[in-house]
Structure formats: C-alpha cells, structure tokens
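Report on one structure; see the data block that follows.
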Amino acid sequence: QVQLVESGGGLVQPGGSLRLSCAASGSAFSRAVMSWYRQAPGKQRELVATISRGGSTNYADSVKGRFTISRDNAKNTVYLQMNSLKPEDTAVYYCNADINLVRYWGQGTQVTVSS
C-alpha cells in the first residue's frame, strides 16, 4: 500500500511559478513510475508529466518547456516545478504512482492562476 500526499498548490498570477510536491509512504517509491495529472472544472483528468524509475521524463504538449518533473528517491518525493503559469493551468493537480500496474492517487492540490 502506498499513500501519496500532495502539497504546494495555491493562487498565483499569470507568469508566476509554483512547485508541487508529492510525498509517498512505504518502501516501493523507487520502483514506481510517478506522474502528475490535473483536472479542470468540467473537464476530464489529463496527464501532465511522467517520470520513470530511471528518471526519464515525458510531458503533455501544453506544458513542455514550462513544467519540470523530478524525483528524489531518498526522500520518497516527486516534484512538479511549474513556470510561466497560464490561467488555463488552473486545475486540481493529482499525484499518481504506478507500481507493477497497480495505481495509487493522492487527494489533489488546487492550483489557481489568476490576476
């Protein structure tokens, strides 16, 4: 069993930055493929970024060049650095862990980009 706790969301002006964190419990973190998803009001949840066990990353086209996903296996934590934020980035952001095809979700953290 893995528990995920996100933090770091909040209100930011367009063009600003935020860093989200997701702390995982348990000893399986280093074996997990970690991802960030987001869900805006009235929209489906979408994949934002993924980082493999070895550190390879993939991003949605909408965030490439602005967001960076990283992980610290010693701290059981995955991060999402978000720069040049836009109003359309407003959503609840969820952390996801995929361990041998079993998926775990955090409770989500709200990110609001508004002037």
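The number of residues in segment 18-51 that are assigned to a loop (DSSP other than H, G, I, E, B), within 17 Å of TYR93 (Cβ to Cβ) and open to solvent by 60 Å² or more (accessible area, probe 1.4 Å) comes to 5. Quick check, is VAL78 open to solvent by 20 Å² or more (accessible area, probe 1.4 Å) and assigned to a strand (DSSP E or B)? When the stated conditions are applied, VAL78 does not pass them.
Taken as a whole, the structure places VAL5 among residues that are open to solvent by 50 Å² or more (accessible area, probe 1.4 Å), within 14 Å of the chain's Cα centre (by Cα) and among the hydrophobic types (A, V, I, L, M, F, W, C).
Remark: GLY54 falls outside the filter, which requires a residue to be closer than 22 Å to GLN1 by Cα, surrounded by 13 or more Cβ atoms within 10 Å (Cβ to Cβ), of a type outside the set (D, E, K, R) and more than 15 Å from the chain's Cα centre (by Cα). Beta carbons closer than 7 Å, at least 6 apart along the sequence or on distinct chains, pair a first residue in segment 3-16 that is under 12 Å from THR109 (Cβ atoms) with a second that is open to solvent by 30 Å² or more (accessible area, probe 1.4 Å) and charged (D, E, K, R) for GLY8/ARG19.
The values are calculated or read from the model by the stated rules, or taken from the named source; none is laboratory data. Since this is a predicted model, take the numbers as computed values, not measurements. All Cβ positions, glycine included, derive from the backbone under ideal geometry; neighbour counts span all protein chains shown. Ligands, DNA and RNA are excluded from the accessible area calculation, which covers all protein heavy atoms including side chains. Shrake-Rupley method; radii C 1.70, N 1.55, O 1.52, S 1.80 Å.
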